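The values are calculated or read from the model by the stated rules, or taken from the named source; none is laboratory data. For clarity, every value in this text was computed on a predicted model and none was experimentally measured. Note: ideal-geometry Cβ built from the backbone for every residue, glycine included; neighbour counts use all protein chains shown.
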Amino acid sequence: MVGFVGWYLTRIVKRNFKLGYIICISLIIAGALGNIIDSVFYGALFEESTYSQIASFNPGNGYESFFYGKVVDMFYFPLIEGTFPNWIPVWGGEDFIFFRPIFNFADSAITVGIILLLIFYRKTLQDTMQKPNE
């Protein structure tokens with residue numbers, strides 16, 4: 001998929017598409033490549049991290065071989081933390097966290113690129129899907 005998006009990116013650059021559209025596609029491909037690089041090399045170069053221990057750089061003695069590592073997620077921004085009031089059925093008195101995804105910079109690049117495409121370049125996307133041979 002990264003190869004296809006890379007080919008598509010070179011094609012739209014040659015056809016002088018709008019700079020914003022090219023940036024959105026570039027964000028998507030950069031995020032995908034970042035996650036691929038992470039999963040290819042991280043397991044072979046680092047010891048495995050846990051909830052209580054940060055991964056340490058240890059080339060050759062990693063927790064996995066090349067191509068079998070995990071993508072490293074590092075951002076966590078819980079927006080609201082609290083406790084449900086006791087009067088709420090089923091969940092009353094239980095703790096809750098609103099927005100608990102953990103993600104990385106590459107995930108953010110992909111998400112921002114796609115959201116910007118959908119908001120600002122929906123028409124451009126539709127036109128490129130209808131006229132692939134121009």
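Things worth noting here:
- Take the conditions (1) at negative phi; (2) loosely packed, with under 15 Cβ neighbours inside 10 Å; Ser39 misses just one of them, which is (2).
- Residues located in region 61-96, provided they are assigned to a strand (DSSP E or B) and either touching a residue at least 60 places away in the same chain (Cβ under 8 Å) or over 30 Å from Ile36 (Cβ atoms) (or both): Ile80, Glu81, Gly82, Thr83, Asp95, Phe96
- Scanning region 42-82 for residues that are loosely packed, with under 11 Cβ neighbours inside 10 Å and among the hydrophobic types (A, V, I, L, M, F, W, C) returns Ile54, Phe57, Met74, Phe77, Leu79, Ile80.
- Check on Ser108, part of a loop (DSSP other than H, G, I, E, B), surrounded by 10 or more Cβ atoms within 10 Å (Cβ to Cβ) and either modelled with pLDDT under 90 or under 14 Å from the mean Cα position of the chain (by Cα) (or both): no
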